[in-house]
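Visitor: Structure below; questions to follow.
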Amino acid sequence: MVLLENDAFLTELTRLFQKCRTTGSVVITLKKYDGRTKPVPRKGHPETHEAADNKCLVRASDGKSKISTVVTSKEVIKFQMAYSNLLRAHMDGLKKKDKKSKGKKTKAT
Amino acid sequence: MPYYQTWEEFARAAEKLYLTDPMKVRVVLKYRHCDGNLCLKVTDDAVCLQYKTDQAQDVKKIEKLHGKLMRLMVSKESHSGAMETD
């Protein structure tokens, strides 16, 4: 698992999408992240960890390599714009409106 | 768990599940170019919601919900006021 900066993550994600064009799938996972790197202490033990409540962990994998990044509330708008564009640009292998192309894959424009 | 048939139901259930315990929930987006399908899964390891599609018009909706959940995750408190789906 490689933890990357936001920009580097997007670059790597693009590469991942390109790699998986002919075979394989891209899996992206979102999870709320509070910065905790140790398990929750058991009963009686004091909680030393300060929960920062405003992060989001984004992981991506093609089944072989894994990449991840942490998005904070400061960067979320910027990251999300780039991320949305990236997703829309790469998820183009789906069917267009099923009127014309039933059961057949149409080429994306 | 079966796949949801309608997007609206799925989106509503997904957001509701997220809001019950934000720390537990993960959102998984799986895209397979060679088969041309896209699957969105929202789970807290007890309940698992899934939606699968091969329609290009669904990309926008899925990506939108994906982004909305990401914004919710980074926002300090999860308030249900901003959760209206269109």
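The values are calculated or read from the model by the stated rules, or taken from the named source; none is laboratory data. A quick note: this is a predicted structure, and the numbers were derived from the prediction, not measured. Counting neighbours? That spans all protein chains shown, and the Cβs are built from the backbone with ideal geometry, glycine included. Keep in mind that these areas ignore ligands, DNA and RNA; they rest on the heavy atoms of the full protein, side chains included. Shrake-Rupley method; radii C 1.70, N 1.55, O 1.52, S 1.80 Å.
Visitor: Provide a whole-number value for the mean count of partner chain Cβ atoms within 10 Å of the Cβ atoms in peptide B:54-64.
Guide: Average per residue, whole number: 5.
Visitor: Right, here's the next one. Using a 1.4 Å probe over the heavy atoms of the protein chains, calculate the carbon and sulfur portion of the accessible area of chain B as a whole percent.
Guide: Roughly 49 percent, rounded to a whole number.
Visitor: How large is the accessible surface of residue A:45 in square angstrom, using a 1.4 angstrom probe and rounding to the nearest 10?
Guide: The value for residue A:45 is about 110 Å².
Visitor: Give me Rg over Rh for the stretch A:5-50, both radii from the alpha carbons and Rh done the Kirkwood way, two decimal places.
Guide: Computed over Cα atoms, the ratio is 1.26.
Visitor: Of all the C-alpha pairs in the stretch B:1-43, what % are more than 14 Å from each other?
Guide: 53 percent
Visitor: Another question, if that's okay. Relative to the longest principal axis of the C-alpha atoms of chain A, give the angle of the C-alpha long axis of helix A:6-19, reported between 0 and 90° and rounded to the nearest 10°.
Guide: The angle comes out near 40 degrees.
Visitor: How big a patch of accessible area, both sides summed and in Å² to the nearest 100, lies buried between A and B at a 1.4 Å probe?
Guide: Counting both chains, the buried surface is close to 3400 Å².
Visitor: A follow-up question, please. Once each part is reduced to its C-alpha centroid, what is the distance from the stretch B:1-69 to the stretch A:1-80 in angstrom?
Guide: The stretch B:1-69 and the stretch A:1-80 have Cα centres separated by 18 Å.
Visitor: Under the √(5λ) rule applied to the eigenvalues of the Cα gyration tensor, what semi-axes describe the equivalent ellipsoid of the protein assembly as shown? Give them in Å, descending.
Guide: 30, 20, 15
Visitor: Oh, and also: Which number do you get for Rg(Cα) / (2.2 N^0.38 Å) in chain A?
Guide: Relative to the 2.2 N^0.38 Å estimate, chain A comes out at 1.41.
Visitor: Same structure again: Write down Rg/Rh for chain B, rounded to two decimals, with Rg from the C-alpha atoms and Rh from the Kirkwood relation over Cα pairs.
Guide: Checking Rg against Rh, the ratio lands at 0.95.
Visitor: Relative to the longest principal axis of the C-alpha atoms of chain A, give the angle of the C-alpha long axis of helix A:76-90, reported between 0 and 90° and rounded to the nearest 10°.
Guide: Value to nearest ten degrees: 30.
Visitor: On to the next question. Taking the solvent-accessible surface of protein heavy atoms with a 1.4 Å probe, what is the per residue accessible area of the stretch B:7-70 in Å²?
Guide: Per residue, the stretch B:7-70 has an accessible area of 41 Å².
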